[in-house]
Amino acid sequence: QVQLVESGGGLVQPGGSLRLSCAASGFTFSRYTMRWYRQAPGKERELVAAITNGGSTNYADSMKGRFTISRDNAKNTVYLQMNSLKPEDTAVYYCKASFLTRDYWGQGTQVTVSS
């Protein structure tokens, strides 16, 4: 059974940091490109960051320099380190695994940036 379970979300003050985790099971994690998306209320889901099976990364422009995506294939986990958080980063954050025609999504974790 395929599972992607996000964790690490919560309430943080502006300027603060959070590290999200996405634990995968039920598929060969190391083969998959992993992505983080987010969806704010009333807005479309948007790509935050991606990491390929070879470790190459890319980021949405608004996250460059603040967010870092990484993966640990031994733990079947992908991470999103988020620094210098802003209120506009408030959203539900989702991880997605992709390989050829297969896509799997997690259930999401809420991140709220507010004073």
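For the range 93-108, backbone nitrogen atoms closer than 18 Å to the point 7 Å from Arg66 Cα along Cα-to-C-beta are found at 93-94.
For the range 39-115, the share of alpha carbon pairs falling in successive 10 Å distance bins from zero is 16, 51, 29, 4, 0 percent. Tally Lys and Arg at +1 and Asp and Glu at -1 over the other residues with C-beta under 15 Å from the C-beta of Val111: what net charge comes out? Neighbour charge sum, excluding Val111 itself: +2.
Please report, in debye to the nearest 20, how large the charge dipole of the range 4-76 is about its Cα centre when each Lys and Arg carries +1 at its beta carbon and each Asp and Glu carries -1 there.
That gives a dipole near 80 debye.
Between the amide H of Thr33 and those of Asn53, Ser98, distances stay under 5 Å, these residues lying 5 or more places away or on another chain, with hydrogens modeled in the peptide plane. Residues considered: Gly42, Gly54, Gly65. Largest GNM mean-square fluctuation over the chain, using C-alpha springs under 10 Å, is found at Gly42.
For Lys64, the lysines whose Cα falls under 19 Å of its own Cα, not counting residues fewer than eight places away in the same chain, are Lys86. Applying 1/(1 + (r/R0)^6) with R0 = 22 Å to the Cβ-Cβ distance of Asn53 and Lys75 gives a FRET efficiency near 0.90. Setting aside same-chain residues fewer than 8 positions from Lys96, which aspartates and glutamates have a Cα under 14 Å from its Cα? Within reach: Glu6, Glu46.
Electrostatic tally near Ala24: other residues with Cβ closer than 15 Å to its Cβ, Lys and Arg +1, Asp and Glu -1, net +3.
When the chain is described by a simple charge dipole with +1 on each Lys and Arg Cβ and -1 on each Asp and Glu Cβ, the residue from Tyr79, Gly55, Ala97 located farthest towards its positive end is Gly55.
Values in this text are rule-based calculations from the coordinates and carry no lab data. On a predicted model such as this, the values are computed, not experimentally measured, just so you know. As a convention, Cβ positions derive from the backbone with ideal geometry for all residues, glycine included, and neighbour counts pool all protein chains shown.
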